Amino acid sequence: MAEYANIIVDIFNEKLDKTFQYRIPEAMKEKLTLGMQVYVPFGKRNIKGYVVELTDEPEFEVAKIKEIIGIVTDSVPIESQLIALAGWMKKNYGATMNHALKTVIPIKKKSNAVEHKSVRLKLTEIEAKSELAEFERKHQKARVRLLSALIENPQMDQSMITQKLNVSGTVIRALETMGIVEVVSERSYRNPVSHLDSKGYHLTLNEEQQSVVDAIERNLDQKIAKTYLIKGVTGSGKTEVYMELIAHMLAQGKQAIVLIPEIALTFQTVMRFYNRFGDRVSIMNSRLSPGERFDQFERAKNGEVDIMIGPRSALFTPFSKLGLIIIDEEHESSYKSETLPRYHARETAIERARMCGASVVLGSATPSVESYYKAKTGEYALLELKHRVAEKPLPKVEVVDLREELKAGNRSILSVRLQELMEDRLKKGQQMMLFINRRGVAGFVSCRACGHVLKCPHCDVSLSQHVTRQHPEGKMVCHYCGYEIPMPKTCPACGSRYISGFKAGTQKIEMIVKERFPQARVLRMDMDTTRNKEGYEQILSAFANQEADILIGTQMIVKGHDFPNVTLVGVLAADLSLYVSDYHAAERTFQLLTQAAGRAGRGSEPGEVVIQTYQPDHYSVQAAKEQDYEAFYEQEMEYRRMLLYPPVWNMLVILCASKWEQTAYDSAKLLVQETGTWQENIKAAMERVGEVFKKKRVFPVGPADPAVAKVNDIYKKVIYIKTKDYQTLVELKDRLEHYMRDNKAFKDTVVQFDFNPMSGF
């Protein structure tokens, strides 16, 4: 049993955002658990705090450590649960407790609270008329207007009184002092979906959908909590299955969280849920104002909403009766946090569900290799939807070899076949989507005379070209640190005029399409066109209302959207994602191509897809063409087994960052050496008791440069460590953190840990 508890005393106070250590009384040692609220001495007073860590190690002189006074018996269980979840995240993802707490409890204080004020008459009608007569005698016109109105309507909005009756706040306060009226304040919670109009819900599940629902509901009714993976082809009606399961949980008095990968999906997803469940639905995402975010947390805590929809941050909604967590498009890399703690929403959701006895449903047409592996090995329950709703056929997919296009003299980014099909769809009044996995005008700008590439002086990356209204001549932007310069007219290295970009971005595609099809109405959707708060909703609703013929975009347009009139999808550069230095490259390519293809033919007309590529024979492209997930999975798993990659093995990536390159390298080298020492100690200990060391053996690689070795003048070095057993990596992480704690060699180095990364540092 632990001797000490690290306690955070006020999670909503920035100044106290750190832990304080207290001694655990003997009588409390068996009762105290992570997340509990306790009374502790703090200065000259006793206050409440949360237990965030239990330990045997005193942080300072034992005699000076104060004792916990008692356990709070009426504490809010949901806050304790979220803090316990933060403790789990700290242990499993390598971050400080404060980092984890800021993630699970992101709203620290009330922000821009909205209050609704009204003025209420405190007197009887007879008393009020007596006071009114006195005000008329004294010619107090404002008081007369106010009291006359309140005699007619005993409670009125203060805003109406000040605006319509032209009565000042001073007059209201004077009558309040006299005891004639009282001002009533009510907290008004902002509702980001209040503007939506419910159209009702009319849908019957087909046999396949009903079978999946029945299988899950049987376990829900028996209080059996599981993790399910629904593998359903694009257009198979996974969302309808989710809603049916949620309706079942709501009938039992439970609540549900629905995670979606992109903010761009929120509009359509919320509309579907709102049509069925009305204002019991709310949303949580980064586009909301701090005040709106705070209000949604408060509404959830008060039981005003039962369903929260949003990206991974919605996972921490303070629901006290959580029964179901749904993760749609579970394969998406955006479910993995790129900031500390580097948690994965999927594993974190499963842990939160375990804490409160809830179930987790994962859904995708192209499940992550990790999830499908766990389903195959029995860790998840696998359920399948093999057919589209109403037996609609999957789209016909063609692969165009861009090498052959060049041989035939076509230098346009649009293949001849794609142009033919686009012309056909415009004549028929049907819509189409063109997808390319990058934004802006160009990926990089280079000089064709000397080969010089324009790079950011602060980061180890090339600058990207952008054309805006403010910069019609173009500007160069670093997507890592924001550094900007005007587009040069000559090469800064040799002075040549032959300097231009590799023009393959969404903005350039838009120009080409408008030039080739001047009659077409074109919309572009990428990070540049959706910077404002309503950008996503405006573009998606316009396209849904058929106000445009062609939607051009990046990844955000190919994920989860349902546009019945789209009959053609063009993937303009299918293999761009294959060139990424990441072991997920083939998987991401297959997922993107399959998801893109799935946007076509979801209405009454059949769909067609054109995949343009320089690598038509790659297994990810071929599997996407046939929409054969199993074929892709088997091929991909062969590579993962051969190269010792997740999910067969586990990987820990350690980042060392410093202002000085040598310092970053030296720090990384020390960690590699310490890993070797730790491994030898473990091996010796296991051999003494006759245990097999093989399971815990680790394979370190590095120090090495990551794909981007410098960002904003900070140098980075990485170490990759592979092993079979995940907990071995957690133990190693704990050992290295302890090693660094008092080692002065790390004072100028920032070290971060990432388990089973979705991308390299």
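List of remarks:
- ARG352 vs. criteria part of a helix (DSSP H, G or I) and within 12 Å of the chain's Cα centre (by Cα): no
- Count of the stretch 283-323 residues, restricted to those that are buried (at least 24 other Cβ atoms within 10 Å of the Cβ) and among the hydroxyl-bearing types (Ser, Thr, Tyr), is 1.
- Residue list for the stretch 377-407, filter: small (Gly, Ala, Ser) and at pLDDT 90 or above: GLY378, ALA381
- Among residues of the stretch 112-135 that are modelled with pLDDT under 90, those with a Cβ under 6 angstrom from a residue that is of a type in the set (D, E, K, R) and surrounded by fewer than 15 Cβ atoms within 10 Å (Cβ to Cβ), sequence gap 6+ or separate chain, pair up as HIS116/GLU186; SER118/ASP157.
- Comparison of ALA685, ALA745 shows that the only residue that is surrounded by fewer than 18 Cβ atoms within 10 Å (Cβ to Cβ), free of Cβ contacts under 8 Å to residues at least 60 places away in the same chain and either in contact with a helix residue (DSSP H, G or I) (Cβ under 9 Å, 6 or more places away or on another chain) or over 29 Å from HIS344 (Cβ atoms) (or both) is ALA685.
- Of all residues in the stretch 304-347 being touching a Pro at 6+ places or on another chain (Cβ under 8 Å) and in a loop (DSSP other than H, G, I, E, B), the one that is farthest from GLN555 (Cα to Cα): SER320
- Note on the stretch 262-275: residues that are closer than 15 Å to LYS238 by Cα, surrounded by fewer than 23 Cβ atoms within 10 Å (Cβ to Cβ) and at pLDDT 80 or above total 1.
- Any hit, the stretch 640-654, residues being exposed (fewer than 15 other Cβ atoms within 10 Å of the Cβ), in a helix (DSSP H, G or I) and of a type in the set (D, E, K, R): yes
- Pairs, first loosely packed, with under 14 Cβ neighbours inside 10 Å in the stretch 48-60, second modelled with pLDDT of 85 or more and part of a loop (DSSP other than H, G, I, E, B), C-beta under 6 Å, six or more apart: THR55/ALA2; ASP56/ALA2; ASP56/GLU3
- Of the listed requirements (1) in the same structural domain as VAL718 (by TED's automatic domain parsing); (2) assigned to a loop (DSSP other than H, G, I, E, B), ARG602 misses just one: (1).
Each row is one residue, and each column tells you yes or no for (1) in contact with a helix residue (DSSP H, G or I) (Cβ under 9 Å, 6 or more places away or on another chain); (2) at pLDDT below 85; (3) under 30 Å from LEU732 (Cβ atoms); (4) part of a loop (DSSP other than H, G, I, E, B).
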site: ILE552; (1), (2), (3), (4): yes, no, no, no
site: LYS559; (1), (2), (3), (4): yes, yes, no, yes
site: ASP582; (1), (2), (3), (4): yes, yes, yes, yes
site: PHE632; (1), (2), (3), (4): yes, no, no, no
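- Going through (1) of a type outside the set (Lys, Arg); (2) assigned to a loop (DSSP other than H, G, I, E, B); (3) at pLDDT 90 or above one by one, GLY35 falls short only on (3).
- Of the residues making up the stretch 65-84, just one is of a type in the set (D, E, K, R), modelled with pLDDT under 90 and exposed (fewer than 13 other Cβ atoms within 10 Å of the Cβ), namely ASP74.
- Any hit, the stretch 330-342, residues being in contact (Cβ under 8 Å) with a residue 60 or more places away in the chain, surrounded by 18 or more Cβ atoms within 10 Å (Cβ to Cβ), under 22 Å from SER236 (Cβ atoms) and touching a Gly at 6+ places or on another chain (Cβ under 8 Å): yes
- Flag set for LYS226, criterion: of a type in the set (D, E, K, R), closer than 28 Å to GLN591 by Cβ and surrounded by fewer than 18 Cβ atoms within 10 Å (Cβ to Cβ).
The values are calculated or read from the model by the stated rules, or taken from the named source; none is laboratory data. Keep in mind that this is a model prediction, so the values were computed, not measured. No Cβ is skipped: glycine too gets one built from the backbone with ideal geometry, and neighbour counts run over all protein chains shown.
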